[in-house]
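The values are calculated or read from the model by the stated rules, or taken from the named source; none is laboratory data. What you see is a predicted model, and the numbers here were worked out from it, not measured in a lab. Virtual Cβ from ideal backbone geometry, glycine too; neighbours counted across all protein chains shown. Note: accessible area is taken over every heavy atom of the protein model, side chains too, but ligands, DNA and RNA are not part of it. Shrake-Rupley method; radii C 1.70, N 1.55, O 1.52, S 1.80 Å.
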Amino acid sequence: MTSKFENLSHIQVEETLSSKEEKILVIDCSECSGALENLFQNGECILCILKNLYLNRKKVFKNITTKIHDPLIERDQISLFLDYFKRISYIKKTWRKIENIGKKKCKYQEFNCKITALPAKFLSFSNDLILNPLYVFNFIFEKINELKDQEYFSKECQNCSKNVLDLLEDLLNVLNELKIVQSYKRFLKSNSNSKDLNKFYEEFFFKKSLFFEEKKSFDKATIVSTGDLFEKYKTGDNQIFQISIYNIANEYEKKYTIQYSFESVIDENYFKKVVQDVKNNLKLLEINKIAPLENLISIYKKEALNYLDSKYKFPLIERERIAYIAALCKINLEKIFPLLIDDFIEEIFLDSPNDKIYINHQKFGRCRTDIKFELKEIERLKTFLRIYSGKRLDYSNPSIKVVIKNKFFYCRFAIDVEPIQLNNFALDIRKLNKNILTIQDLLKNGTLDPAIAAFLYLSLIRRVNITVTGETDTGKTTLINALDLLTPKEFRKIYVENVIESLNQSKYERHQLKYKVDSLQVGLNHKLSKQNQIKNLLHRTPDIIYLGEILTKEEAEALFHCLAAGLKGFQTIHSNDIDSLINRIIRHFKIHISCLRDLGLIVFMKKNREKRFVDSISEINKNIEDNKEIYQNLFKFNPQKKNWWNLVNLFNSNIICKLRKYEDISKEKFQVLFNLYKDMFNTLQKIDKLSINKLIKFFDQVSFHSSDNLENLCLFWENWKNSCSLNL
């Protein structure tokens, strides 16, 4: 699939009426015997234009003309082809993979193997025609349909044919994202599926109705959905949902779109009719009790598969996908379900029935969607949450919260209706099974730097209490979960949470005892309240306690009761800054100022449009009753230089001075440890991402050697760094 051809074009500079220079790409076809008055009656002329446009793709010009014809292609049309040309190298690379499948050795070759015949009978492709995006689109679409004819391949060839099909479908997905292909598909619908490319180009270049008239009617949401593709990935069973993230011009928010991964290889209308047909033929379950969601999906999916087998002929994977979607449609979750299972989504919002859903994305921040609920869908969602919460939702009880956990998702749903909600419906879904970010991820995304990570690690393996504070959605829980993964393997860790947001580390052989306490609605003296469970920790012998979010005065009292008794661990508290945190503890929670000494390290998290990050690491000063300055910053983020400053001598910090009372930590030993840990986190920041399991095993060794022998620790680190096969 290589292309070699002659350049028949040149750039011509003309002066406009406003005395400005204007560059035009001129194609000289005066010597061509095939040049016609109407270029689009001749496919060779179209290809010639595309060839010369490709050769000049890196140059700047307003339009294209020829020496025979008037201005032919305007700049806004040119951009559509330039967008396709950017993808040609990827198409060629993928095509080579397809050709290599046909060339590989196969033990079934002597039995009339169909795959070995592919290069000659199936994969023929004219060299220069790759420059025509619509020819490539039709060609690939036809090959996919051929492959889907199950009679063409024997059972032994199914693996190879599937590999070919997957590569072809990937190419078709790439092409379907192009505006020129989208315009062509609209042309097919309006012209009885005529595949006359010459007729399309005539319509597109001269009448312009397919693209430009429709473009005028686009609303803002439609325009951004076809903007510059930023990233895409797949999620769900069989990777059924394809997620695409688009940039929105001159806006911070991005566009989040969802497509079924096979929708591009089946006619869209046909696909919808099949799903609707399957859904309509699924019998409603007769159940007398609340059934787990995964059971409902499984039962309906199984019934859908039986129906598909009896009426349709689809490949196995597509059969599974269609049945899955039909099951979701039957329980009315097809719109929201892809968002619930995307672990990169942190929170889902719907402010009123008239609005569209928007989300907080772990990688891309705030994103818009085109998802909108009809009134009947809202009523079904209300019913769904009422059933699973067991609570009323009406004028007397206009708000409910319910945590739903199953094999698909783990979310906290909050719903509000009248009289407290002006538009009678608002929805907030907090994802509790978000994609796990390790300390290595936080280093790579700039949440903190190696020096801060080194000091936090040195402190946490010595059981220094760490309180993480900040505004909502600043990454407080993400940070303590990342630190929790680094605790020594032998630690007995006890968790007390209203909503379980800590990580399940049982598969990493950690000692975890977890308690789920009642929410804020429970009476303060209830024996299952959080404050009572925190106080009970004194009798359960923990090495580390994980308290999640401290919300009330009673919980704060229980926290400081445990800290004074010698228990240490992780907790989060909302605040605007360190001063407001201290004010909240002293004024709102009525904790005596002297108790602040037990807080240990205070990590203040901040969030801007770009990212979440550690703003400061602080500690409480000595003799705080006589000192106007209650705390001092050990590290502070500098927004001008976008880095962190170490503000004090860490060896002389109150935290380290307190540790030195009970551990032999000389200045030299401290410096060796700190520098080694800093080098360790600096290396993790630079190398390829380790799996969670490998990362935990690495820190198990580090914590063991840290408590065993300093020389052995240094030797272990040097050996690990030297033997590491990753690129430093």
Among (1) assigned to a loop (DSSP other than H, G, I, E, B); (2) in contact with a Ser or Thr (Cβ under 9 Å, 6 or more places away or on another chain); (3) open to solvent by less than 80 Å² (accessible area, probe 1.4 Å) - the single one Tyr677 does not satisfy: (1)
Test: residue in region 504-523 that is in a helix (DSSP H, G or I) and surrounded by 14 or more Cβ atoms within 10 Å (Cβ to Cβ): yes
Filtered residue count, region 583-608, keeping only those that are part of a helix (DSSP H, G or I), closer than 21 Å to Leu456 by Cβ and open to solvent by 10 Å² or more (accessible area, probe 1.4 Å): 2
Restricting region 348-365 to residues that are under 15 Å from Lys255 (Cα atoms) and of a type in the set (A, V, I, L, M), the residue that is surrounded by the most Cβ atoms within 10 Å (Cβ to Cβ): Ile359
Lone unmet requirement of (1) among the hydrophobic types (A, V, I, L, M, F, W, C); (2) modelled with pLDDT under 75; (3) in contact with a Phe, Trp or Tyr (Cβ under 7 Å, 6 or more places away or on another chain) for Phe85: (2)
Region 576-631, residues that are more than 13 Å from Gly470 (Cβ to Cβ) and aliphatic (A, V, I, L, M): Ile582, Ile585, Ile586, Ile591, Ile593, Leu596, Leu599, Leu601, Ile620, Ile624, Ile630
Residue, surrounded by the fewest Cβ atoms within 10 Å (Cβ to Cβ), within region 472-487, restricted to residues that are assigned to a loop (DSSP other than H, G, I, E, B) and modelled with pLDDT under 95: Thr472
Close pairs (7 angstrom Cβ cut-off, 6 or more residues apart or separate chains): in contact (Cβ under 8 Å) with a residue 60 or more places away in the chain and under 15 Å from Glu346 (Cβ atoms) in region 430-450, small (Gly, Ala, Ser) and not in a loop (DSSP other than H, G, I, E, B) anywhere: Leu437/Ala482
Only listed residue being within 27 Å of Leu422 (Cβ to Cβ), over 27 Å from the mean Cα position of the chain (by Cα) and crowded, with 18+ Cβ neighbours inside 10 Å, chosen from Ile336, Ile400, Ile345: Ile400
Boolean, Val468 is in contact (Cβ under 8 Å) with a residue 60 or more places away in the chain and open to solvent by less than 10 Å² (accessible area, probe 1.4 Å): yes
Breaking point among (1) assigned to a loop (DSSP other than H, G, I, E, B); (2) touching a residue at least 24 places away in the same chain (Cβ under 8 Å); (3) surrounded by fewer than 19 Cβ atoms within 10 Å (Cβ to Cβ); (4) of a type in the set (A, V, I, L, M, F, W, C), for Leu567: (3)
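Among what's in region 611-632 and is touching a residue at least 40 places away in the same chain (Cβ under 8 Å) and open to solvent by 30 Å² or more (accessible area, probe 1.4 Å), pick the residue that is nearest to Thr447 (Cα to Cα).
Here is the first cut: in region 611-632, the residues touching a residue at least 40 places away in the same chain (Cβ under 8 Å) are 611-615, 617-618, 630-631.
Those still in the list that are open to solvent by 30 Å² or more (accessible area, probe 1.4 Å) too: 611-612, 630-631.
Details: Lys611: 7, Arg612: 6, Ile630: 26, Tyr631: 22 Å.
Among them, the one singled out is Arg612.
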Subset of region 609-634 (residues that are in contact with a strand residue (DSSP E or B) (Cβ under 8 Å, 6 or more places away or on another chain), of a type in the set (S, T, N, Q) and not in a strand (DSSP E or B)): Asn621
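Residues are listed down the side, and each one gets a yes or a no for (1) at pLDDT 90 or above; (2) of a type in the set (Gly, Ala, Ser); (3) in a helix (DSSP H, G or I); (4) buried (at least 21 other Cβ atoms within 10 Å of the Cβ):
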| residue | (1), (2), (3), (4) |
| --- | --- |
| Arg412 | yes, no, no, no |
| Ile415 | yes, no, no, yes |
| Ile429 | yes, no, no, yes |
| Leu437 | yes, no, no, no |
| Thr447 | yes, no, no, yes |
| Ala454 | yes, yes, yes, yes |
One residue from Asn306, Asn269 being among the polar types (S, T, N, Q) and at pLDDT below 90: Asn269
Hits in region 643-683 - residues which are over 23 Å from Asp708 (Cα atoms) and over 39 Å from the mean Cα position of the chain (by Cα): Asn649, Asn652, Ser653, Asn654
Scan of region 276-315 for residues that are farther than 16 Å from Phe337 by Cβ and basic (Lys, Arg), ordered by number: Lys283, Lys289, Lys302, Lys311, Lys313
Test: residue in region 635-649 that is without any contact (Cβ under 8 Å) to a residue 12 or more places away in the chain, touching a strand residue (DSSP E or B) at 6+ places or on another chain (Cβ under 6 Å), open to solvent by 50 Å² or more (accessible area, probe 1.4 Å) and closer than 15 Å to Phe455 by Cα: yes
Inter-residue pairs, beta-carbon under 6 Å, first under 24 Å from Lys51 (Cα atoms) and in region 88-109, second at pLDDT 80 or above and open to solvent by 20 Å² or more (accessible area, probe 1.4 Å), 6+ apart: Thr94/Leu167
Region 687-699 residues that are in contact (Cβ under 8 Å) with a residue 24 or more places away in the chain, paired with ones that are surrounded by fewer than 17 Cβ atoms within 10 Å (Cβ to Cβ) and of a type in the set (Lys, Arg) (beta carbon under 9 Å, 6 or more apart): Lys689/Lys444; Asn693/Lys507; Leu695/Lys689; Ile696/Lys489; Phe699/Lys489
Within region 301-316, tally of residues that are within 24 Å of Leu147 (Cα to Cα) and open to solvent by 60 Å² or more (accessible area, probe 1.4 Å): 6
Inter-residue pairs, beta-carbon under 9 Å, first on the phi > 0 side of the Ramachandran plot and in region 381-409, second open to solvent by 30 Å² or more (accessible area, probe 1.4 Å), 6+ apart: Gly390/Ile290
Positions within region 709-725 being open to solvent by less than 50 Å² (accessible area, probe 1.4 Å) and closer than 24 Å to Glu663 by Cβ, in sequence order: Leu713, Cys714, Phe716, Trp717
Sole exception among (1) modelled with pLDDT under 90; (2) small (Gly, Ala, Ser); (3) surrounded by 18 or more Cβ atoms within 10 Å (Cβ to Cβ) for Ala291, by number: (3)
Among (1) at pLDDT below 80; (2) under 24 Å from Ile317 (Cα atoms) - the single one Asp166 does not satisfy: (1)
Candidates Ile101, Ile91 - the one that is over 27 Å from Leu188 (Cβ atoms), open to solvent by less than 70 Å² (accessible area, probe 1.4 Å), modelled with pLDDT of 60 or more and among the hydrophobic types (A, V, I, L, M, F, W, C): Ile101
Inter-residue pairs, beta-carbon under 6 Å, first over 30 Å from Ala326 (Cβ atoms) and in region 226-253, second modelled with pLDDT under 80 and outside any loop (DSSP other than H, G, I, E, B), 6+ apart: Ile248/Val224
